[in-house]
Amino acid sequence: MQRHLNNFRIAQRTRVNAVLTLIMLCAVSATSTAAPSVYTQRDANGQLIFSDAPIENGEMVRTSYQAQYGRPVATASCQGMTESKLSARANALTQTIESAAVTHKVDANLLKAIAQIESCFDQQAVSRVGAQGVMQLMPATAKELGVTDSFNAAQNINGGARYIAKMLKRFNHNHQLALAAYNAGPGAVEKHQGIPPYPETQNYVKKVLQLYAASEKQKS
């Protein structure tokens, strides 16, 4: 009788250990394959903004999990873009961009380079984190800049010109740092004492400056 009882206890412990092992394996698997959290917020127009980081005052809040980030541009606006279509979009906004450049004392070619990388000159562009319009202004930033309609090209471009002018002044007219601040925020630039180590931001600065340099070369 005692031997049967001992065998029963051993079998019971074996089953419990097997169940615990299975639970641990499932937990590890779930941790390694789980998708990152998705955060939502409604903008001023009541539209949902989706991001992979919390949004406060129109800006993504970084966590240790999101140590490498930079505000993504509206890549969807550039999908299937042809050279002729891009040129048509740019030409339609040339006068507005040049006017904003004069108003805010910023090089028009720099504004054009930003507009191309941000949205391919798409007036209706919306990025996956909710940045809007040609210059991809976050709703809170647009509000601070006095932009009431980010899908109004003139308002949006003037807002973007005003903001990059502000960043240029803040970072002693260093184009690299000003563009990094435009993309990732001035706080990130100051924290890292240079271009933040976010691939998104580093690629953004590189692409804008390449376009800007090419346009300056053509001008000369």
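Filtered by the rule that a residue be β-branched (Val, Ile, Thr) and at pLDDT 95 or above, region 70-125 gives Thr94, Thr96, Ile97, Val102, Thr103, Val106, Ile114, Ile117. Quick check on Ala140: is it aliphatic (A, V, I, L, M), in contact with a Gly (Cβ under 9 Å, 6 or more places away or on another chain), surrounded by fewer than 17 Cβ atoms within 10 Å (Cβ to Cβ) and assigned to a helix (DSSP H, G or I)? Against the criterion (aliphatic (A, V, I, L, M), in contact with a Gly (Cβ under 9 Å, 6 or more places away or on another chain), surrounded by fewer than 17 Cβ atoms within 10 Å (Cβ to Cβ) and assigned to a helix (DSSP H, G or I)), Ala140 qualifies.
Of the residues screened, Lys169 is one that is assigned to a helix (DSSP H, G or I), charged (D, E, K, R) and farther than 22 Å from Thr94 by Cα. Scan region 190-201 and give yes if some residue there is more than 13 Å from Ile117 (Cα to Cα), part of a helix (DSSP H, G or I) and in contact (Cβ under 8 Å) with a residue 12 or more places away in the chain, otherwise no. Looking through region 190-201, at least one residue is more than 13 Å from Ile117 (Cα to Cα), part of a helix (DSSP H, G or I) and in contact (Cβ under 8 Å) with a residue 12 or more places away in the chain.
The values are calculated or read from the model by the stated rules, or taken from the named source; none is laboratory data. Keep in mind it's a predicted model, so treat the numbers as computed, not measured. Cβ coordinates were reconstructed from backbone atoms using ideal geometry, including for glycine residues, and neighbour counts include every protein chain displayed.
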